[in-house]
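Notes follow the structure.
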Amino acid sequence: MSASFERGYHALMEVIDAPVASFFMSCVHCGLCAQACLFYTETGDPQYTPIYKLEPLKKVWLHEYTLFGRISSRLGLSKKLTDEELAAWSPLVYDSCTLCGRCSMVCPVGNDIAYMVRKIREGMAAAGHAPQGVIEATQRTIRLGSPMGIKLQALQTQIRAQEAETGLTIPIDQQSADYLALLSSMEIINFPEYLGSLARIFKQAGVSWTLSSEAFEATNSGIQIGVSDIAREIVLKIVNAAEKLQVRSVISPECGHAFTALRWEGPNLIGRPYNFAVVHILELLDQLRAEGRIKTDGQLDTPLTFHDPCQIARRGGVIEQPRRLLGEVAADFREMEDAGVMNWCCGGGGGVSANPRAEAIMIKAFKRKKDQLEATGAHTLVTACANCRIVIEEGLEAYDMNVKVIGLTELVAEHLKQEETS
Amino acid sequence: MWMIWKSLMSETDLLLWTRGPGFQWALGLFLLGMALRGFELFSLGRRRDLAAPRAHSPGSGWRTIFTRSLPKWSTWRRTPATPLIAYGFHIGFFATLFLFPPHIQLALNIFGFSWPGLPSPLIDALALLTLLAVAGLAAGRLLDPVKRLISGFDDYAVLVLSALPLLTGYFAFHHQILSYTLMLALHILSAELLLALMPFTSLVHFATLLVARWYNGDIAGRKGVAS
Amino acid sequence: MSDKLSLPAILEAHGISRREFLKFCGSLAALMALPPGMAPSVAAALDKAQRPSVIWLSFQECTGCTESLSRSHNPTLEALIFDAISLDYHHTLQAASGEAAEAARATAMKQFFGKYLLVVDGSIPLKDGGVYSTIAGRSNLDMLQEAAKGAAAIVAVGTCAAFGGIPHANPNPTGAVAVSDIIKDKPIINVSGCPPIPVVITGVLAHYLTFGTLPELDGLGRPKAFYGESIHDRCYRRPFYDQGKFAKTFDDEGARNGWCLFELGCKGPTTFNACATTKWNQGTSFPIESGHGCLGCSEPNFWDAGSFYNPLSAPIPTSNKVVLGAAAVGVAAGATIGLWNRHVQTQARREHVAVNVDDLEKPHE
């Protein structure tokens, strides 16, 4: 089979539930969602109004699930959704939305707009209207094992490099370890220090952990393109590996949508709860800190600020942990305005950074983060999502800004008390 | 001339109709509509969330029902006009509706209990302010590019529907424009029209926002976020 | 038989001076909101007035209107108007009775055909051939239609004649209707009220005598001079309404302070009559001044306008059939569409074909 409008339309019919109906019924078209969305605020273009992105889904709801909608479409008073309309909405749904969920926080009637964008993507993708870049990333994930095409070999190379760097062994496929650690492609390729940092921190803290050769990729392209069938396949790999190794917990790495995919969507995708817990690396590090198992020495005294990755903070609930960790290792930590659950998106999550068609608008939208950053006066930015890191680094370059970007796990590992890590 | 009048409905007959069968029909249509939309909504259900919720969370569905009434600080900072005018409208509308003694009498008659009201001159001023807010809402829809793009027939129609009881009530109280009997009849008729059409327009948000906010708060609350 | 004496002669006989007569005409003119300069015209007209014949038909009524009109403690100038007319037929006031009375009526109608003034009080029952009110074996309907033929104009006195009144109220077992529901080809003046204020009647008659025409009428056929303003617009308690000071019960502090009676059911705002200005019993008082809300008795259907003690803003109790029926239809329609929604959704999910990476693109043309 291949993509078709019929499959897309049917997918839209499948995803509509009571929350979606309550959202469409409640919307009074006040436009406040636009004021919360960086794609609107940095362009002034009303077509980026978040609720407007959902017009095709609204049509399906009206014509298939409401009495008056059914009657009016039968009488020819209103027209059902067409393939052309769905195609026209693709840039709105994929290029100018990262599923950051800021709109869902401000809607006065309580609409969870990001929830609905996630659902409309099911129809978009099944109809063949997902952007080429995202389609290819997804195809690579399934066919090769990761969206950037990284296979086990590449990982093993990095493992060896980090083992040499740290002088520690990085466990792989250890049965009954407490924690199974996952990685994102971005980290494996661009920020391999993350792996070394894990090794050093876990050594000091005495954490029993392992990698899995069968499931090392946490990034979930299925979530980003919006195809639950594919997202399920990706999650299942992890679930099977975790249950095979009989680990107590799986660690989601510094990647936003990986956490959303594994921690919050996963059990619903596979249709059952897990036999293990899922924690974000920041949650684990904070827990270890609280238990006194991480001992740090010295602090970074350059002024720095923190970018909350949307899927981890606002859509994930990991908000205070990075701040407590920064309290240990940063002398001059400055919060951005709107820090915490209302922080602004980097502009590249949810598939946008994998979508060349979206490059121009992504750079435009970055201006929001730029303004936030400049207002703090800091030239160092810490974050906890590898995709945010790349996107921010690209944005800083585009705007010619001299700011260093560091991952939080690395920062913690760099300040571990030396004696404990040999 | 008065023979022609009498052949149509007289003003008094119109008033008596609005106070009698008109009220029954409006209330009936309202209940019919609410039942219909309620079933439309809840029949779609929501799959149970199999992901383990966080043990302790600052957020919940019930909490968001209340807290979502307060705009987030960053919204205020960016665009105070929209929430201000909208609040001005809602507060003014509800005040004139629930705190005007003749309306409280209506409630006493239907429900059997009443509450203290405000002096009529104050209600009068509030009605004018509310009408001003309606004008502000209409202007917003026409002038702001975001609102203009996403607004449709329904959005403008409900502004008219909401303004009519305010206008007719104001003129009735002041015995202006038309005879009191006719003005009162039109006032009651416009209120009945509003009541009857509420479930079938975006005005149904008066009830569905409780549901939407609850879902929003619940989804976020399970993840440990107070939305 | 009618007396051919003119009004001035009658007045002189009663010891009313010319000056007093002119004063009366002035006050009558003022009462009818005529410009002061018209007082001499009123006087001149009444001078010349040949006493017109007046046939007064009493149908399904309580005689309250006659009581109101004829009640006087000392001879008043209003009463004298009745000397200015020749009241050739009136159940209560005429001396004759039985066949003699009917004969008098028939004679007057024949003699003054096309010129007599027909006054009617009481409603006219139509059900079952009009048997519910008959005089001398004839139905009211029959009598009215016959008498209207030769009438120059008809004055419907009281709310019963003007709008149907008490008998017309739900469920109207006699099929009572107003004069204007039956007679369509004669000028009709409605002098409504239950009963009407005495001076309103005399003012209307005086107008007719003076000008030979009907006064300006409102949308319900009532003379604007007396029914042009609502009680509310002339009520001395209006400032309390405007300030929102309402009496809650009949003997609370507000009531004793004379506050507005809106919450106790006063229909002043929707009632048009002269009570608040002219008042009753030669200007003694009127219901609101005595502490009771206006009943709205000069308006059509005032008996069916909900309780006298329910405020205007309260609904009139009617059967709940419509509400309950509509709610039931809503639940039924809702349940149906709910099931339909469920079915469509389940079907769509059941028909789901898994999307894999090969399905993400449309076939290339």
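Within segment C:192-215, the presence of a residue that is surrounded by 18 or more Cβ atoms within 10 Å (Cβ to Cβ), at the interface with chain B (Cβ under 10 Å from one of its Cβ atoms) and within 23 Å of C:Ile316 (Cβ to Cβ) is excluded.
Considering every residue within segment B:92-106, establish whether at least one is away from chain C (no Cβ under 14 Å), assigned to a helix (DSSP H, G or I) and either surrounded by fewer than 16 Cβ atoms within 10 Å (Cβ to Cβ) or at pLDDT below 95 (or both).
Restricting attention to segment B:92-106, the residues satisfying the condition of being away from chain C (no Cβ under 14 Å) are B:92-94.
Those left that are additionally assigned to a helix (DSSP H, G or I): B:92-94.
Within this subset, residues satisfying the condition of being either surrounded by fewer than 16 Cβ atoms within 10 Å (Cβ to Cβ) or at pLDDT below 95 (or both) are B:94.
Yes, segment B:92-106 contains a residue that is away from chain C (no Cβ under 14 Å), assigned to a helix (DSSP H, G or I) and either surrounded by fewer than 16 Cβ atoms within 10 Å (Cβ to Cβ) or at pLDDT below 95 (or both).
Exactly one residue out of C:Asp251, C:Asp218, C:Asp242 is modelled with pLDDT under 95 and in the same structural domain as C:Leu118 (by TED's automatic domain parsing): that is C:Asp218.
Quick one: would you say B:Asp49 is at the interface with another protein chain (Cβ under 9 Å from one of its Cβ atoms) and part of a loop (DSSP other than H, G, I, E, B)? Answer is yes for this residue. Looking only at residues of segment C:230-253 that are touching a Leu at 6+ places or on another chain (Cβ under 8 Å) and more than 10 Å from every other protein chain (Cβ to nearest Cβ), we find that the one that is surrounded by the fewest Cβ atoms within 10 Å (Cβ to Cβ) is C:Thr249. The single condition among (1) of a type outside the set (S, T, N, Q); (2) more than 7 Å from chain B (Cβ to nearest Cβ); (3) within 22 Å of B:Leu108 (Cα to Cα); (4) surrounded by 14 or more Cβ atoms within 10 Å (Cβ to Cβ) that C:Val323 does not satisfy is (2).
Restricting segment A:100-159 to residues that are hydroxyl-bearing (Ser, Thr, Tyr) and more than 14 Å from chain B (Cβ to nearest Cβ) leaves a set whose member that is farthest from A:Ser228 (Cα to Cα) is A:Thr157.
Pick from segment B:161-220 the residues that are part of a helix (DSSP H, G or I) and polar (S, T, N, Q): which of them is nearest to B:Ala51 (Cα to Cα)? Full working, then the answer.
From segment B:161-220, those part of a helix (DSSP H, G or I) are B:161-173, B:180-200, B:202-220; that's our starting set.
When the remaining residues are screened for being polar (S, T, N, Q), the result is B:162, B:168, B:181, B:190, B:202, B:208, B:216.
Working: B:Ser162: 44, B:Thr168: 54, B:Thr181: 62, B:Ser190: 49, B:Ser202: 33, B:Thr208: 26, B:Asn216: 16 Å.
Taking the candidates together, the pick is B:Asn216.
Here C:Pro223 does not qualify as at pLDDT 90 or above, under 30 Å from C:Phe113 (Cβ atoms) and within 11 Å of chain B (Cβ to nearest Cβ). Just so you know, in segment B:138-148 the residues that are out of contact with any helix residue (DSSP H, G or I) (no Cβ under 6 Å at 6 or more places or on another chain) and surrounded by 14 or more Cβ atoms within 10 Å (Cβ to Cβ) include one that is farthest from B:Leu159 (Cα to Cα), and it is B:Asp144. Restricting the first member to segment C:296-309 and to residues that are closer than 18 Å to B:Ser179 by Cα and in the same structural domain as C:Phe272 (by TED's automatic domain parsing), and the second to residues that are part of a loop (DSSP other than H, G, I, E, B) and of a type in the set (Ser, Thr, Tyr), the beta-carbon pairs closer than 7 Å and six or more apart or on different chains are C:Gly296/C:Thr271; C:Ser298/C:Ser192; C:Ser298/C:Thr271; C:Glu299/C:Thr271; C:Pro300/B:Ser10. Annotation for segment A:78-91: no member residue is in a helix (DSSP H, G or I) and among the aromatic types (Phe, Trp, Tyr). The single condition among (1) more than 19 Å from the chain's Cα centre (by Cα); (2) closer than 25 Å to B:Gly224 by Cα that A:Glu374 does not satisfy is (2).
Of all residues in segment A:21-35, how many are farther than 30 Å from C:Arg342 by Cα and either in a loop (DSSP other than H, G, I, E, B) or within 7 Å of chain B (Cβ to nearest Cβ) (or both)? Walk me through it before giving the result.
Going through segment A:21-35, the residues farther than 30 Å from C:Arg342 by Cα turn out to be A:30-35.
Then keep just the ones that are either in a loop (DSSP other than H, G, I, E, B) or within 7 Å of chain B (Cβ to nearest Cβ) (or both); that gives A:30-32, A:34-35.
Looking only at that region, the number is 5.
Being surrounded by fewer than 18 Cβ atoms within 10 Å (Cβ to Cβ), farther than 27 Å from B:Leu178 by Cβ and of a type outside the set (A, V, I, L, M, F, W, C) is the requirement here; does C:Asp185 meet it? Yes; evaluated as a whole, the condition is true for this residue. Just checking, does segment B:3-18 include any residue being over 30 Å from C:Asp181 (Cα atoms), in contact (Cβ under 8 Å) with a residue 24 or more places away in the chain, aliphatic (A, V, I, L, M) and more than 8 Å from every other protein chain (Cβ to nearest Cβ)? Within segment B:3-18 (the criterion being over 30 Å from C:Asp181 (Cα atoms), in contact (Cβ under 8 Å) with a residue 24 or more places away in the chain, aliphatic (A, V, I, L, M) and more than 8 Å from every other protein chain (Cβ to nearest Cβ)), the answer is no, since none of the residues qualifies.
With a cut-off of at least 1 residues that are away from chain B (no Cβ under 13 Å) and either modelled with pLDDT of 95 or more or on the phi < 0 side of the Ramachandran plot (or both), name the strands (runs of 3 or more DSSP E) lying wholly within segment A:225-312. If you could, list the steps in order and put the result at the bottom.
Working: elements: A:249-252, A:277-280, A:304-306.
Output list reads A:249-252, A:304-306.
The set of residues in segment B:46-61 being surrounded by 15 or more Cβ atoms within 10 Å (Cβ to Cβ) and free of Cβ contacts under 8 Å to residues at least 60 places away in the same chain consists of B:Leu50 alone.
Checking the structure you have, find out if any residue of segment A:145-159 is assigned to a loop (DSSP other than H, G, I, E, B) and at pLDDT 95 or above.
Of segment A:145-159, the ones assigned to a loop (DSSP other than H, G, I, E, B) are A:145-151.
Imposing the further condition that a residue be at pLDDT 95 or above reduces the set to none.
No, there is no match, as no residue in segment A:145-159 is assigned to a loop (DSSP other than H, G, I, E, B) and at pLDDT 95 or above.
Given the condition hydrophobic (A, V, I, L, M, F, W, C), free of Cβ contacts under 8 Å to residues at least 12 places away in the same chain and away from every other protein chain (no Cβ under 11 Å), answer yes or no: does some residue in segment B:69-84 qualify? I'd like the intermediate steps shown before the answer.
Residues of segment B:69-84 hydrophobic (A, V, I, L, M, F, W, C): B:70, B:73, B:76, B:81, B:84.
With free of Cβ contacts under 8 Å to residues at least 12 places away in the same chain added as a condition, the list becomes B:70, B:73, B:76, B:84.
The next check asks that each one be away from every other protein chain (no Cβ under 11 Å); those that pass are B:84.
Within segment B:69-84, one or more residues are hydrophobic (A, V, I, L, M, F, W, C), free of Cβ contacts under 8 Å to residues at least 12 places away in the same chain and away from every other protein chain (no Cβ under 11 Å).
Given the residues A:Ile120, A:Ile159, which is the only one that is farther than 29 Å from A:Ser212 by Cα, over 17 Å from the mean Cα position of the chain (by Cα) and β-branched (Val, Ile, Thr)? From the options A:Ile120, A:Ile159, the qualifying one is A:Ile120. The residues listed here are A:Thr82, A:Thr49; of these, the one that is modelled with pLDDT of 95 or more and more than 11 Å from chain B (Cβ to nearest Cβ) is A:Thr82. Every test in (1) modelled with pLDDT under 95; (2) buried (at least 21 other Cβ atoms within 10 Å of the Cβ); (3) part of a helix (DSSP H, G or I) is passed by A:Met105 save one, and that test is (1). Residues in segment C:139-178 that are under 23 Å from C:Ser68 (Cα atoms) and touching a Lys or Arg at 6+ places or on another chain (Cβ under 8 Å) were compared, and the one that is surrounded by the most Cβ atoms within 10 Å (Cβ to Cβ) is C:Ala162. Residues of segment A:228-240 that are closer than 20 Å to A:Ser2 by Cα and over 15 Å from the mean Cα position of the chain (by Cα): A:Ser228, A:Asp229, A:Ile230, A:Arg232, A:Glu233.
The values are calculated or read from the model by the stated rules, or taken from the named source; none is laboratory data. Computed from a predicted model, the values in this text were never measured in an experiment. Positions of Cβ are generated from backbone atoms using ideal geometry, with glycine treated the same way; all protein chains shown enter the neighbour counts.
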